[in-house]
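The structure appears below as structure tokens.
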Amino acid sequence: MINSEPFYIYLKKQRIKVGLNQTHLAQALKVASSTICYIEAGNYSRFPLDKVLSLAKVLRIDQDQFASLWVDAALDEQRIKMHAKIYKL
């Protein structure tokens, strides 16, 4: 979370702040537009890890800080999925 907002909201705000729509961001990163939709919905597992630092650069975010935030968000996503699986058993 960034200032108590989920990371995916932060990503969307940064994308808008730099003046990109999802399609243009996808083109800049050479990924499918649906990939941007997924990360802006909080699904980080579908985003290629080799593109994380490129995403930070395009969004004009410090790469080291961004990488740490990305890892935290991805771990949170996995934690939630595992928790849901445990309680479904």
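Here, each number is a calculation from the coordinates, and none is a lab measurement. Because the structure is a prediction, the values reported are computed rather than measured.
Quick check: convex hull of the Cα atoms in the chain, volume per residue, rounded to a whole Å³?
92
How far, in nm, would the chain grow between Ser68 and Ala32 when pulled straight, counting 0.36 nm per residue and subtracting the alpha carbon separation?
Value of the extension gain: 10.6 nm.
Based on alpha-carbon positions alone, could you give the equivalent ellipsoid semi-axes of the stretch 1-47 from the gyration tensor, as √(5λ), descending, whole Å?
18, 13, 6
Count the lysine pairs in the stretch 7-88 whose Cα atoms sit under 22 Å apart, keeping only pairs 8 or more residues apart in sequence or on different chains.
Going through the stretch 7-88 pair by pair, I get 11.
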